[in-house]
Amino acid sequence: MRWSGIVAACCAALTLTPPSFASAPSALPPYTPAYEPTTVDERGMWMEADERERLLRDSPLRIREGGLERYVREVLCREVGDDRCKGVRVYVMEIPAFNASMMANGCMEVWSGLLLRARSEAELAAVLGHEFGHFELRHTLMGFKAKRSATDVMAWVDVLGGITNRDMSSANVSLVGSLYRFNRAQETEADLLGFKYMAASGYPAKAASEVWQQRMAEDDATALGRGLKPRRNYTSGFFDTHPTDLKRAEYLAKAAAALPADGDARVEQYRAAIAPYLSRMLAAQIKMNDFGGTDFILNSLASSGGWSGELLFARAELYRTRGNPRDLQMASLWYRDAKAAGYVAPELDRNLGLALLRNGQTEDARKSLGAYLVARPEAPDAKMIQALLAK
Amino acid sequence: MKGGLIVRAAVFAALVALSMPGIAQERTGSKTGFTLQPGTARIVLMRPTIRVGAQSTGGMPEPNADWTRQARENLTRALRAAQERLGNQVIEYDEGASGEGQIATEYGQLFGAVADSVIEYQFFVGNRLPTKKRKDSFEWTLGRGIGELRSLTGADYALFININDEYGSTGRKVLQLVALMGGVAVTSGVHVGHAGLVDLKTGELVWLNADAAMGGDVRTAEGAEKRVAQLLEGFPGRPSEKTIGGQ
Amino acid sequence: MKTKRVATLIAVSVAANAAIAAHANSLVAPGAHTGIANSKLSANSQGEWNRLSRVDGKNVEVWTLDGDALNKVSFYGGIANGMPLLREPDKKRHPLPKVSGTMLMTDIPALLETTYRSLGIVNQMEIGEQSPAILGGRKAIRFTYTLTRAADQVRRKGEGIGTLVDGKLYLVTYEAPALHFFDKDIERYRQLAASLAL
């Protein structure tokens, strides 16, 4: 598909009649797991997928500790059923972007950015189920061709924009970026099948619509934060594999409303599973230079669980990083609130001190930075902090 | 206007391509005075990277597994046959119980970075580094650490092979030329073939063969033999063999 | 007709040759070098380096010995308030973090990290030690870091020195693969860094 064709397709999608979900979704079809690649292209996809899986398995980005991958796989199994999830391998990669994808050989890749943004097991399950749907429908085999035109455009932009970095879509499989992009009809089919999984799973069906609404709202926040008009396009990047639009979230919501409203989203279980990884995910997100989107994520986490010490600290970090005078004032406030809410790490004293110092509140800064040095005399930045105090 | 700029740049680059075949890359470099007498060395073949497919402008390979599986089989067979002609013992890397799989992978990645640098800054004539332009200068190394790997004990050399056999589209070649004109380095990603030999006593890259215009259809046994012959052409100490068809 | 075309080809050839020469990487001879990165940065090199013709940003200059994937010294010369470190591929949709006239020394490594991360060029990056230093006779920060570039997955180490003068950022960094290369050339980089003047 040529670049202009992609744009046209996106615009056309907005005027398509939504699929009919009027009646309750019919039962899931029987599942035939064994699928051997038949055509030359399919064998190609399998080989590429096997090679990529080997890279994922050995990658330093993989989050191996703490059973996170096992948990994510359990969520998938609860969503699509044991028959379907048997034989699926799940890899969680520490990449601060919303993404999940499944390859033709049964390997599923989930990025930590998705885990940061999902607000419940049901929302995570909705995304994983949607990706599994593409796999069950063999869309992964067709999506490969569509990707090509996006990278053509990107390559020209690279050259003419003078980007210094190496062309990342290199010959060897790159760990950043996904391989697949689906067209509108395929997204709808995957939504349809995903809905069937959800209806059988025990999760509330409205989660499917809510996760996309949340994505759009975050994109809006990102745009506003950058001084752009929101609601122009809903991809978080032109080459996102999850183009989402208002109509889609709407029809998913309508369909969910037609089903009985019960179901357990398992919010508490989700929060507990993610908790050990939350601060590192937040720290990485803050470093993406997306003030609006990050602020949105923090507010969203707080609205369901309250402003914990950890969230207050992250908010302070976000504002201190942007660093306008008023930001620094707010940051100082929130560091103090975080401390009051139980965030005890000495790093808080240091960062509070840096915010105060940058804002000209030298005496207060000295107290905080001094407290940090007392607690962490051997810290890797101790000498530098001392030098700042010596001014 | 961006579109117009693309067109003008492409036309200019195409003209340049027509008139300056000298942009073609060199093929082989080796450490000054390095030779390898047949029968004298034990060579470990590191896990080769082999992928065969067509490549679009955006540098995205279209894999074709028939080709890849056949290519791997044929190339392995051809390498084994070439062993005899090389007159040296070539064995495949085996991590065994050493636990060194991860670091072997890192050395493979480092080899890739070094080979890329040799190609980008020494072989690619228009982009040379002045300090590496001097005659007989081929000073590249992976460092002494590789010789200390337990899983490489007893071996004298490590042979690294990458074959990403992407028949670049015209768009891709134009892209590279435009990039060169603009002083922007677009890594080819089209490392169509590297074979590199690392001396495990010193870590030096004593020989590298890289060529953007490799011949031989690796799907066939003959093509694989030809490709291996090209990859190993100029292999130190081996009597040189003319490639079939000279392509 | 034919001679005209040949003449055109020759003319294009000559022009292309000249263009290539103008865009070639250049030799940095031993001795003093001023105006680095189009700024008042200067350094004294004991040995030879190569200066890349590639332009990473308006006030950025890159030197290397074996190629920037193997050893890379980047000079950032007087990046002003409101400007990014590197060229922005998409100013509006994916802006890079900017230099601020009020930033503290400790904000300098943080700016480098956020720049790399938001460009998507690193998979992993961590700032290590931070200590006081002198750059061009002024108080500066010296810091170390580790990073893995997304493009080639090679694990690298880095060291940098930076300061702010009249609200403008001056920064010099050295990055090289952790296996062998970083240690090989660190002293040459440190010699350069010690000779920096503003």
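Each value in this text was obtained by applying a stated rule to the coordinates, not by laboratory testing. Note that the structure is predicted; figures quoted are calculated from it, not measured. All Cβ positions, glycine included, derive from the backbone under ideal geometry; neighbour counts span all protein chains shown.
Along each principal axis of its Cα atoms, how long is chain C end to end? Whole angstroms, biggest number first, please.
Largest to smallest, the principal-axis extents are 69, 43, 37 Å.
Would you work out which of C:Leu164, C:Asn81, C:Tyr174 lies farthest towards the positive end of the dipole of chain C? Charges go on Cβ: Lys and Arg +1, Asp and Glu -1.
Value: C:Asn81.
For every other residue with a beta carbon closer than 12 angstrom to the beta carbon of A:Val110, add +1 if it is Lys or Arg and -1 if Asp or Glu, then tell me the sum. All intermediate terms of the calculation are to be shown ahead of the outcome.
Details: positive: A:Arg62, A:Arg73, A:Arg89, A:Arg117; negative: A:Glu69, A:Glu94, A:Glu109, A:Glu131.
Overall, the nearby charge balance is 0.
Could you please report the charge total around A:Glu189, scoring K, R as +1 and D, E as -1 over all other residues with beta-carbon less than 12 angstrom from its beta-carbon?
Numbers: positive: A:Arg138, A:Arg184, A:Lys196; negative: A:Glu136, A:Glu187, A:Asp191.
Local net charge: 0.
Given labels modelled 7 Å from the Cα in the Cβ direction, how far is it in nm from A:Ala258 to A:Lys229?
Distance between the two pseudo-spin positions: 3.5 nm.
Once label points are set 7 Å from the Cα along Cα→Cβ at both C:Thr102 and A:Arg54, what is their separation, rounded to one decimal in nm?
5.4
Could you compute the net charge surrounding A:Cys77? Neighbours are other residues with a C-beta less than 13 Å from the C-beta of A:Cys77; K and R count +1, D and E count -1. Intermediate values should be presented prior to the final figure.
On the way: positive: A:Arg70, A:Arg73, A:Arg78, A:Arg84, A:Lys86, A:Arg89; negative: A:Glu69, A:Glu74, A:Glu79, A:Asp82, A:Asp83, A:Glu121.
Neighbourhood net charge equals 0.
Looking at region B:110-152 from every direction and averaging, what is the projected area of its Cα convex hull in nm²? Walk me through the numbers before you get to the answer.
Working: hull surface 14.5 nm².
For region B:110-152, averaging the hull's shadow over all directions gives 3.6 nm².
Provide the per-residue ³J(HN,Hα) series for region A:196-207, in order, calculated from phi with Karplus coefficients 6.51, -1.76, 1.60 and θ = phi - 60°, each as a whole number of Hz, with x at glycine and proline positions.
Here the 3J(HN,Hα) series is 5, 4, 4, 4, 8, 8, x, 7, x, 5, 5, 4 Hz.
I need the Kirkwood Rh of region C:50-94: take the reciprocal of the average 1/r across all distinct C-alpha pairs and report it in angstrom.
Radius from the Kirkwood sum: 11.6 Å.
Take the cross-link list A:Lys367/C:Lys157; A:Lys383/B:Lys201; B:Lys133/C:Lys168; A:Lys247/C:Lys58; A:Lys367/C:Lys168; B:Lys133/C:Lys139 and give me the ones stretching past 32 Å between alpha-carbons.
On the way: A:Lys367/C:Lys157 34 Å; A:Lys383/B:Lys201 41 Å; B:Lys133/C:Lys168 37 Å; A:Lys247/C:Lys58 44 Å; A:Lys367/C:Lys168 29 Å; B:Lys133/C:Lys139 39 Å.
Result: A:Lys367/C:Lys157; A:Lys383/B:Lys201; B:Lys133/C:Lys168; A:Lys247/C:Lys58; B:Lys133/C:Lys139 exceed 32 Å.
Rounding to the nearest 20 debye, state how big the charge dipole of region B:88-158 is about its Cα centre with +1 on each Lys and Arg Cβ and -1 on each Asp and Glu Cβ.
Working: 7 positive and 11 negative charges, 123 e Å.
Computed charge dipole of region B:88-158: roughly 600 debye.
Sticking with the crude label model, points 7 Å out along Cα→Cβ, report the distance from A:Ala302 to C:Lys139 in nm, one decimal please.
Placing both labels 7 Å beyond Cα along the Cβ direction yields 3.4 nm.
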